[in-house]
Every structure is written in C-alpha cells, then in structure tokens.
Amino acid sequence: MSQGSGVRVVLRPPLFLGFAVWLALAAASFASRVHLGLIEVLFLLGPWIVVPLGADLVRGAGNSETSAFRDWVLFTAALLTTVSFFLDNRTAAAWFASSWLLVCAGFAGDGLRRFVSSGTKSFRQFCFVAGEGYLLVAGAWLVASRVGIQLLAFREPIVLLTAVHFHFAGFASAVLAGLTYERFRESRWRAALKAAILAVVCGPGILGLAFLFGPKVKLVAALLIALGQFGLAAGMVGVGIAAKGRGGRWLLFVASASVAAGMILAAVWAVGEYPLQAFVNIRQMAEFHGVLNGVGFVVCGLLGWTVASRA
C-alpha cells in the first residue's frame, strides 16, 4: 500500500472527526467560558485520537466492516465522555463517563482472549494485552474523577492525571513497544531492546503502586520507565531509518525526540520528589511532560507507525 493510501486509512471519517473535535476542544479551552483545563484536554486526547489509532495497530484496519463499527463505537463513547466534563451533576457525569469504562473493559477482555489464544508465547501480544489492561485502570480512574471521589486517598488533579497516565504511558507506550520489538525480533539488539521494553510495559503499573509506598519507590519506578523509554526511542529511530515513506519516518523521529525530552523532565521530577523538594510541580509537568508525551510521542508515534506500516 502506498503512503498516500496509508494516510487515507488513518483519515477515515470517524478518526478524522475525532482529530477535528479534539483540536476544537483544545482551542476552546483557552476561552474563559469553557471550563476545560490542560489536564482535561490531555485526557480527551485518549478517547478521541490515541485509542482509535492504537486499536488500528493492535487489531489492524483491514476488515472495513469491523473497523467501521469499532470506529463509531469509539466515537460515540468519546463523545459521551466529553459531555461528562461539562456536567455539574456528578452522578450524570459518572454515567456518561462509564461509556468509556465499558469500552476499556472490552479492550482488556479482548486483549486477554488474544493473548491466551496465541499460546502466551508472543512477546508482542504480551505488550498489547498489558496496554489494554492499563486502559481498564484508566477507565476506572476516569469514572472516579467524574464522580468526585478520592481513590486510595488521592484527590484531583491526581485522580484524572492517573487516567491520563494509563492512556499514554500505559496503553499507547505498550502498543508502540510491542510493534518496535517485533521489528527487531531477529536482530542482534533483541535482548537489550526486550529489557528496555519490559521496563516500558511494566513501569506504569510499578509507578502506580509506588505512590502507595513513598518517594524512594517512586524515584526507582520513574527512573525505570525513563530508561526503558530511552531504549524504545532508540528502537523507533531504527524503525524510522528503515521506513520507506518520509512521512512515517519523520513522525517516528519526532516521537523519539519527544519521549526522550519528556523522560528527562520526568526524571527531574522523580529526583525532586525523593527529598520532597520538587523541582517541577504538577502544573508544569502537565504543560511540558504531558504535552511532549501525549502529542509529541504518543500521537506522532502512533501516526508514524500507521503510515510507515502501510507505506
């Protein structure tokens, strides 16, 4: 398939509309009458763009009828979830957001089914099922955020940030990790890349648990993820160099540079958390690390893989 055909596959109507809606929400968030902050906008990147692109890469976009049905289910759930951010009634907001939790549960269940049916020997499928499992965690924390309850004694914005974390560092990173490992499965760098990807895939869960055990464990978990992401970034550069199309190649390069820059900031945050004298606060992390990771790494990485794999 040509690079132009790959782009047309990416821009199927529901996905194109998803991009347009998210860009409109991001622009509207600057208006004083629209009560959407940066963290909310970053979260909505997941339902509108990240998960649809990731679903194509995990399951493939070859079956047009299946893909179309999935696209519109995701579109509907993303729309209902977006509405939940504009509702003052917490109960109603939770019901609307529950549509996304159901989608996440469907992904997690189907991922587990595929992993078992593959004989549990495919490392790529292991990465995919871990990522889809993280989606279920993300959906649960989203509903908790919309209800307004505290989970494990955490309050906003940590509750919604946890949902953001498991969409980007959890689901999307695991999908990109599985695809990258498969490309280098027969190379001499396989062992080193596999170790890095294990850190990428397991790191978000370890970091989530580390919040319960104090700053020392958080420091170790954050540095583990950072080291793993550097390895993944190197692998994606290799994929980009080998890519036939310039569009996919440069998107993968941008994604690799973005995650490297974002992980440096994450490491600085983790080191500051250890002595409890944070060098960067939550707002700054959302502005810089969140945008680099969500837009630069995740969206560009998923788009780059989509275009490159169809070039």
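The values are calculated or read from the model by the stated rules, or taken from the named source; none is laboratory data. These figures come from a predicted structure and were not determined experimentally. Neighbour counts are summed over all protein chains in view; Cβ atoms, including those assigned to glycine, are modelled from backbone coordinates with ideal geometry. The area values use the complete protein model at the heavy-atom level, side chains included, leaving out ligands, DNA and RNA. Shrake-Rupley method; radii C 1.70, N 1.55, O 1.52, S 1.80 Å.
Observations on the model:
- Taking (1) crowded, with 20+ Cβ neighbours inside 10 Å; (2) at positive phi in turn, ALA153 satisfies each apart from (1).
Yes/no per residue for (1) at pLDDT 95 or above; (2) surrounded by 19 or more Cβ atoms within 10 Å (Cβ to Cβ); (3) not aliphatic (A, V, I, L, M):
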position	(1), (2), (3)
ARG8	no, no, yes
LEU23	yes, no, no
VAL41	yes, yes, no
TRP48	yes, yes, yes
ARG59	no, no, yes
ASP71	no, yes, yes
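- Residue, surrounded by the fewest Cβ atoms within 10 Å (Cβ to Cβ), within the stretch 156-188, restricted to residues that are in a helix (DSSP H, G or I) and polar (S, T, N, Q): THR162
- Count of the stretch 208-245 residues which are among the charged types (D, E, K, R) and either crowded, with 16+ Cβ neighbours inside 10 Å or modelled with pLDDT of 90 or more (or both): 1
- Odd one out for GLY301, checked against (1) open to solvent by 20 Å² or more (accessible area, probe 1.4 Å); (2) under 18 Å from the mean Cα position of the chain (by Cα); (3) within 30 Å of PHE30 (Cβ to Cβ); (4) at pLDDT 85 or above: (1)
- Within the stretch 109-150, restricting attention to residues that are of a type in the set (Phe, Trp, Tyr) and modelled with pLDDT of 90 or more, the residue that is surrounded by the fewest Cβ atoms within 10 Å (Cβ to Cβ) is PHE123.
- Residues satisfying the stated conditions in the stretch 270-292, i.e. at pLDDT 80 or above and more than 17 Å from ILE158 (Cα to Cα): LEU292
- Criterion applied to ALA93, ALA77 was being more than 20 Å from the chain's Cα centre (by Cα), open to solvent by less than 50 Å² (accessible area, probe 1.4 Å) and under 19 Å from GLU40 (Cβ atoms), and the one residue passing it is ALA93.
- The requirement of being of a type in the set (A, V, I, L, M, F, W, C) and over 30 Å from LYS194 (Cα atoms) is not satisfied by PHE128.
- Cβ pairs under 6 Å, 6+ apart, first in the stretch 32-61 and without any contact (Cβ under 8 Å) to a residue 60 or more places away in the chain, second charged (D, E, K, R) and in a helix (DSSP H, G or I): none
- Any pair with Cβ under 8 angstrom, 6 or more apart, that starts in the stretch 88-99 at a residue that is in contact (Cβ under 8 Å) with a residue 24 or more places away in the chain and ends at one that is of a type in the set (D, E, K, R) and open to solvent by less than 90 Å² (accessible area, probe 1.4 Å): ARG90/ARG146; ALA93/ARG146; ALA94/ARG146; PHE96/ARG146; ALA97/ARG146
- Only residues that are in a loop (DSSP other than H, G, I, E, B) and in contact with a helix residue (DSSP H, G or I) (Cβ under 6 Å, 6 or more places away or on another chain) were counted across the stretch 191-230, and they come to 0.
- Selection over the stretch 20-48 of residues that are over 25 Å from TYR134 (Cβ atoms) and not in a helix (DSSP H, G or I) gives a count of 7.
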